[in-house]
Amino acid sequence: MHDAAYTRKPYKTYARKECDPSRLGAIARLYGLETALPSACRMAELGCGSGGNLIPLAERYPESSFLGIDAAQGHIDEARAMSESLGLGNIEWVCADLVHYALDRAGFDYIVAHGLFSWVPQDVQRRLLQLCKRGLAPHGVALISYNTLPGWRQRGAARDIMQVGAALVGGLDPDEQLNAGLAMLRVVASERVGTSDLYGSYLREMLARFEGSESSYLFHEFLEEHNNPCLFSAFMERAQQEGLQFLSEAKVSLMSSEGLGSDAQKALAQLGEDIVAREQVLDLFRNRMFRETMLCDERHAVRRDLKASVFKELFFRTTFRRARGDDESSACFRELVSGRELPAPTGMVSDILAAAGSFGAPGARPADIQAHASAATGQVSHADLVAALITLWRAGFVEISCDNQMAAPDAQVLRPLQFSVRQAEQGGLVTSLRHEALELSHEEREIVAACSTGEERAVVASVAQKRGVSEDRVLDGISRLCELGFFWA
Ligand SMILES: C[S@@+](CC[C@H](N)C(=O)[O-])C[C@H]1O[C@@H](n2cnc3c(N)ncnc32)[C@H](O)[C@@H]1O
């Protein structure tokens, strides 16, 4: 049974912004597909876990319909209990093994499968790809994540060691197995302390990465029976055999060759227009270990020149904000979630990034960003704007979306997702309307909970203060939550 390991050790599923149909749809539209708008779409998730990815989408798009399929009864029960308690009537849950499930001619606009492909046997992998081919609407998009080689080979050493450790204690208790696996990894890593060999440094790096990781993730990634990383080209061969083709990576910035040396650039240039070969060789340079690949039906003529008519209808937003003085040498941008600072891009590109940031979480259409940048810095031409936004998008500074449902930074009524209010009350990660599960401070969680079904700022402030959050913390918290996209427009 494929679900046995997940019954012993359930997996907590959270929102992944790469699965957001407003992002997937925007990317696919730029490449020439006429994808359905997320507000009127059909979406399925294969291996949906406990539903944390689909539920906030079903709440955001009440006119769309959603289907979650998973082999683990416990996961489906948890997902169903949450969606029913939120009164969501547009989401169906099915407990089934994909191998025995038919999705034929179902006409889904979006099918996502995160954390499934590498962790199931070959027959399930094949079925997954077949379900995508048969289940997609003519302009539909599938998103499949998987572990890749060569990057995963280093992680594989940690997996081998942990499996030996777990096997030595035997038994079926996942926590005992994980503890034994981790103990073995620590002993082996400490044995290499003081040595300068690569083995020791890989293992120490792995242990550092494990800090703060959820035990269910560690168990299923490192001790699960199946974890079969593959080369990107091998994955694409399997997908092509089932009639699917490569559309894009969901994190578009990972398709860039920016920063690679001249020999690497030459090697890539020799590959010409062969996008699969190019992506495969890029993985070698980047030592890539994980991919989130978007696929579509092989019958589409995918355009790689990006459609201008689509471009102007999309929303561009950024979580980067100007951090220091305007002079070129000291200017930098800070990312709101991670706090990481990056040197400002040069010249006008920087001004356009700052202009996009001034619209806050909802972002804006290119024409509005152009008007804002022109007012701030003098005339910005349409051609300059388009070039800058594409550069920024490809570099990962801006995101694109088909819609903008989020409140502007100065919104007076604060209305969060009801799913987020539940998460805030329970503790743990909380989902924004950007479809990101974020770790909030205690104060920020109290504010989201205080917003209930939607309240004026002053009411939220007084409720949060009654819950022990000081006035200045409330104001800071509300403004950060607005910037992160926690409230509806
Ligand atoms: C690592 S979890 C990922 C869950 C969720 N997609 C996420 O990202 O949090 C893998 C999920 O796939 C489900 N699964 C594994 N094999 C399956 C199969 N053959 N058919 C349906 N679901 C399966 C498991 O029950 C589990 O919930």
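Each value in this text was obtained by applying a stated rule to the coordinates, not by laboratory testing. Everything numeric here is computed off the predicted structure, so don't read it as measured data. Cβ placement follows ideal geometry from the backbone for every residue including glycine, while neighbour counts extend to all protein chains displayed.
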- prompt: Taking Cα pairs under 8 Å and at least six residues apart, what relative contact order does the stretch 152-213 come out at, in percent?
  reply: 31 percent
query: Of G165, L207, L182, whose Cα points farthest to the positive end of the dipole of the stretch 152-213 (charges on the beta-carbon: +1 Lys, Arg; -1 Asp, Glu; origin at the Cα centre)?
result: L207
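Let me check I've understood the local charge: for D368, count other residues with C-beta under 15 angstrom from its C-beta, Lys and Arg +1, Asp and Glu -1. What total comes out?
Working: positive: K312, R317, R365; negative: E313, D351, D403.
Summing Lys and Arg as +1 and Asp and Glu as -1 gives 0.
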- prompt: By count of other Cβ within 10 Å, fewest leading, how are M206, M162 ordered?
  reply: M206, M162
Lys, Arg +1 and Asp, Glu -1 on Cβ, resulting dipole of the stretch 156-285 about Cα centre, debye, nearest 20: 340 debye
- prompt: Counting pairs of alpha carbon atoms under 8 Å apart in space and at least six apart in sequence, what relative contact order in percent does the stretch 408-489 give?
  reply: 42 percent
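For A180, what charge total do you get from the other residues with a beta carbon under 12 Å from its beta carbon, if Lys and Arg give +1 and Asp and Glu give -1? Display every interim value, and only then the final one.
Working: positive: R186; negative: D173, D175, E176.
Result for the neighbourhood of A180: -2.
Treating the beta-carbon of each Lys and Arg as +1 and of each Asp and Glu as -1, no other charges, what is the dipole magnitude of the stretch 13-142 about its Cα centre, to the nearest 20 debye?
440 debye
Between R467 and K12, take the C-beta separation as r, use R0 = 25 Å, and let me know the FRET efficiency to the nearest 0.05.
Working: r = 25 Å, r/R0 = 1.01.
Efficiency at R0 = 25 Å is approximately 0.50.
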field: Which of F66, L37, T13, positive extreme of dipole for the stretch 1-96 (C-beta unit charges)
entry: T13
message: As I understand it, the dipole of the chain uses +1 on the Cβ of Lys and Arg and -1 on the Cβ of Asp and Glu, about the Cα centre. Which of T148, V459, P138 lies farthest toward its positive end?
response: P138
- line: Simple SL model, points at 7 angstrom along Cα→Cβ for T453 and S215; separation in nm is 3.9 nm
- prompt: At what distance in angstrom do the alpha carbon centres of the stretch 131-204 and the stretch 13-68 lie from each other?
  reply: 29 Å
query: Among S50, S216, what is the fewest-to-most ranking by other Cβ atoms within 10 Å?
result: S216, S50
message: Show me the helices of the chain, taken as full DSSP H stretches, that run 24 Å or more along their long axis by Cα and average -1.0 or above in Kyte-Doolittle hydropathy.
response: 152-169, 174-191
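Please report, in debye to the nearest 20, how large the charge dipole of the chain is about its Cα centre when each Lys and Arg carries +1 at its beta carbon and each Asp and Glu carries -1 there.
Working: 51 positive and 65 negative charges, 109 e Å.
Dipole of the chain, to the nearest 20 debye: 520 debye.
Quick one: net charge of S39's neighbours, Cβ under 13 Å, K/R +1, D/E -1?
Values: positive: R42, R60; negative: D20, E59, E63, D109, D403.
Counting the neighbours of S39, the net charge comes to -3.
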- prompt: So what's the gap between the Cα centers of the stretch 414-458 and the stretch 282-304, to the nearest angstrom?
  reply: 34 Å
- line: The residues F397, F285, sorted from fewest to most surrounding Cβ atoms within 10 Å, come out as F285, F397
query: Out of residues 5 or more away from L231 or on other chains, whose amide H comes under 5 Å of its own, with H placed 1.01 Å from N in the peptide plane?
result: L149
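With both bridge residues required to lie in the chain, what share of the DSSP beta bridges run antiparallel, to the nearest 5%?
Antiparallel bridges: around 60 percent, rounded to the nearest 5.
Could you work out the relative contact order of the chain? I mean the mean sequence separation of Cα pairs under 8 Å and 6+ apart, divided by the number of residues, in percent.
On the way: 885 pairs, mean separation 74.9, N = 489.
Reported relative contact order: 15 percent.
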